[in-house]
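Worksheet: one structure, shown below.
The values are calculated or read from the model by the stated rules, or taken from the named source; none is laboratory data. Since we're looking at a predicted model, the values are computed, not measured. All Cβ positions, even for glycine, are placed from backbone atoms using ideal geometry, and neighbour counts span all protein chains on display. Only protein heavy atoms, including side chains, enter the accessible area calculation; ligands, DNA and RNA are left aside. Shrake-Rupley method; radii C 1.70, N 1.55, O 1.52, S 1.80 Å.
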Amino acid sequence: RFFEQHFHENNDSGVRQHALLNLVRMHYLRNEVTAARKFLMEAITVARTCGDKIILQHCISMLHRLPPTVPGRKPTLNALQSDLHPLEVLFDVKKLMDTQNDQPLSAAFVKIDQAIGLYDHWLDGQGKPLIDEEHWAQHAVQSVVWNTIGCNKLASIEESIVLAFTQSGTEDHNRITMFLNRAYR
């Protein structure tokens, strides 16, 4: 009887782009880059056809996370846009810190500043409550960059901020990351 139900008149349910983006995410997490890229191209096409700007932005951000198809090409950084999630900008910091990309570390600090500003805009525009994991991620990334530059005192301050304001025993990965960074130092 379930399969005999009639939900709507259209052929498409309107959530195909969501399903494709979730497939992309699954393949990305499993490091199946070829499959992720294939589904991502389809998700971008479907999101454009449906006029879904938010899913399109998520798809483009995910496309920028995938390694370049041309060997030797530098990874693409995300341009700031209102629908871009701030954590995508923080992921750009990882790209900037890679020594093979020949970028100055000052560019990483610029991206961190952009992520903080975008996060404030994101909270105001989305009307959603503060998410602790996302809030403290900015400080966690700053500690890594400060440590890379050699400013261990500033790195330690940022780590202490994260450890002071996150709770132990939660799923917040920022806290464990700070403990690992301290252990490696």
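When you check T170 against the structure, is it among the polar types (S, T, N, Q), under 16 Å from I131 (Cα atoms) and touching a Phe, Trp or Tyr at 6+ places or on another chain (Cβ under 8 Å), yes or no? No, not satisfied. Taken over region 55-73, the criterion of being closer than 23 Å to A19 by Cα, in contact with a Pro (Cβ under 8 Å, 6 or more places away or on another chain) and open to solvent by less than 60 Å² (accessible area, probe 1.4 Å) is satisfied by H64 alone.
For region 117-147, filtered to residues that are at pLDDT 90 or above and β-branched (V, I, T), the residue that is most open to solvent (accessible area, probe 1.4 Å) is V144.
Can you tell me how many residues in region 22-73 are among the basic types (K, R) and more than 20 Å from L84 (Cα to Cα)? The number of residues fulfilling the criteria is 3. Checked against (1) surrounded by fewer than 17 Cβ atoms within 10 Å (Cβ to Cβ); (2) aliphatic (A, V, I, L, M); (3) touching a Lys or Arg at 6+ places or on another chain (Cβ under 6 Å), A79 passes all but a single condition, namely (3).
Conditions tested, residue by residue: (1) open to solvent by less than 50 Å² (accessible area, probe 1.4 Å); (2) modelled with pLDDT of 90 or more.
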| position | (1), (2) |
| --- | --- |
| S13 | no, no |
| H18 | no, no |
| L29 | no, yes |
| I44 | yes, yes |
| K53 | no, no |
| P75 | yes, no |
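As for region 100-111, it holds no residue that is touching a Phe, Trp or Tyr at 6+ places or on another chain (Cβ under 7 Å), under 30 Å from R37 (Cβ atoms) and surrounded by 12 or more Cβ atoms within 10 Å (Cβ to Cβ). Pairs are defined by a Cβ separation below 6 Å, a sequence spacing of at least 6 or placement on different chains, a first member in region 80-96 that is touching a residue at least 40 places away in the same chain (Cβ under 8 Å) and outside any helix (DSSP H, G or I), and a second member that is among the hydroxyl-bearing types (S, T, Y) and surrounded by 20 or more Cβ atoms within 10 Å (Cβ to Cβ); no pair meets this definition. Selection of region 148-177 for residues being assigned to a helix (DSSP H, G or I), under 20 Å from L87 (Cα atoms) and open to solvent by 80 Å² or more (accessible area, probe 1.4 Å) yields F165, H173, I176. Taken together, N181, N147, N174 contain a single residue that is under 18 Å from the mean Cα position of the chain (by Cα) and among the polar types (S, T, N, Q), which is N174.
Q114 satisfies every condition listed in (1) modelled with pLDDT of 90 or more; (2) of a type in the set (S, T, N, Q); (3) touching an Asp or Glu at 6+ places or on another chain (Cβ under 6 Å) except (3).
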